[in-house]
């Protein structure tokens, strides 16, 4: 690898936007005593040419579409495919999961109904789903997306769904792609809700079953954050268990 920083890193985190950072993922990596670094495209930090030498690759979310014509998104897909070839497990959050779908041959489109807030998902009970998501079939997770992977890559296994989004998570070989934000923290939610976008009030009115209002999100955060972090620990530990060195 032509990047000396990776000589001291186990994990690379690809961040797209300044306001969509590692969140709980960063806290977990620190608690594990792992060496990691983040590269943020919006901050002008170029993604590396290669991921060779790493143990794991994590790809975060963001308000961009995976189909946008942005060099950093295409480079993320290059790195995802290289990680796969090298046996490096990749974990994708929201936009990151969508980029994984594209990189491996799936398709991402805008859904008829967005999801914003604390909403239920249900896994299908397969061995793979239980390995990644635990024995409890239903969980409440944080969502903020309009797009989703509507066609899975060849060989991928669907793990979980929600009423508004048929594909909430898929596994492929050593990798996991999620549509939801398992890395969420109250701070991230607060930052996003401070600037939710001009369309947000209309979406709350138009899609009350899948887009929550600000007060509902605040109340639900108090109820569901601890459960989200417990599920995140399960997911991240399973991801780590697939590292080969």
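A few remarks follow.
- Any chance residue 58 is within 27 Å of residue 116 (Cβ to Cβ) and assigned to a strand (DSSP E or B): yes
- Tally, over the stretch 218-242, of residues that are touching a residue at least 60 places away in the same chain (Cβ under 8 Å), surrounded by 14 or more Cβ atoms within 10 Å (Cβ to Cβ) and farther than 22 Å from residue 26 by Cβ: 1
- Apart from one condition, residue 31 fits all of (1) in contact with a strand residue (DSSP E or B) (Cβ under 7 Å, 6 or more places away or on another chain); (2) loosely packed, with under 15 Cβ neighbours inside 10 Å; the exception is (1).
- Considering the stretch 67-91, and only residues there that are under 16 Å from residue 47 (Cα atoms) and touching a helix residue (DSSP H, G or I) at 6+ places or on another chain (Cβ under 7 Å), the residue that is surrounded by the most Cβ atoms within 10 Å (Cβ to Cβ) turns out to be 90.
- Among residues of the stretch 102-135, those that are in a loop (DSSP other than H, G, I, E, B) and in contact with a helix residue (DSSP H, G or I) (Cβ under 9 Å, 6 or more places away or on another chain), counted: 3
- Counting residues in the stretch 221-240 that are at pLDDT 95 or above and more than 19 Å from the chain's Cα centre (by Cα) gives one or more.
- Selected residue (only one of 29, 25, 5, 14 is modelled with pLDDT under 95 and outside any loop (DSSP other than H, G, I, E, B)): 5
- Residues of the stretch 68-93 that are part of a loop (DSSP other than H, G, I, E, B) and touching a strand residue (DSSP E or B) at 6+ places or on another chain (Cβ under 6 Å): 88, 89.
- Candidates are the residues of the stretch 142-195 that are in a loop (DSSP other than H, G, I, E, B) and under 18 Å from residue 224 (Cα atoms); the one that is farthest from the chain's Cα centre (by Cα) is 185.
- Residue count for the stretch 94-129, restricted to those that are closer than 17 Å to residue 78 by Cα, touching a strand residue (DSSP E or B) at 6+ places or on another chain (Cβ under 7 Å) and surrounded by 24 or more Cβ atoms within 10 Å (Cβ to Cβ): 6.
- Beta carbons closer than 9 Å, at least 6 apart along the sequence or on distinct chains, pair a first residue in the stretch 58-83 that is in contact (Cβ under 8 Å) with a residue 40 or more places away in the chain and on the phi > 0 side of the Ramachandran plot with a second that is surrounded by fewer than 18 Cβ atoms within 10 Å (Cβ to Cβ) and outside any strand (DSSP E or B) for 62/17; 62/19; 62/42.
The values are calculated or read from the model by the stated rules, or taken from the named source; none is laboratory data. Nothing here was measured: the structure is a model prediction, and the numbers come from that model. When we count neighbours, we look across all protein chains shown, and the Cβ atoms used for this are built from the backbone with ideal geometry, even at glycine.
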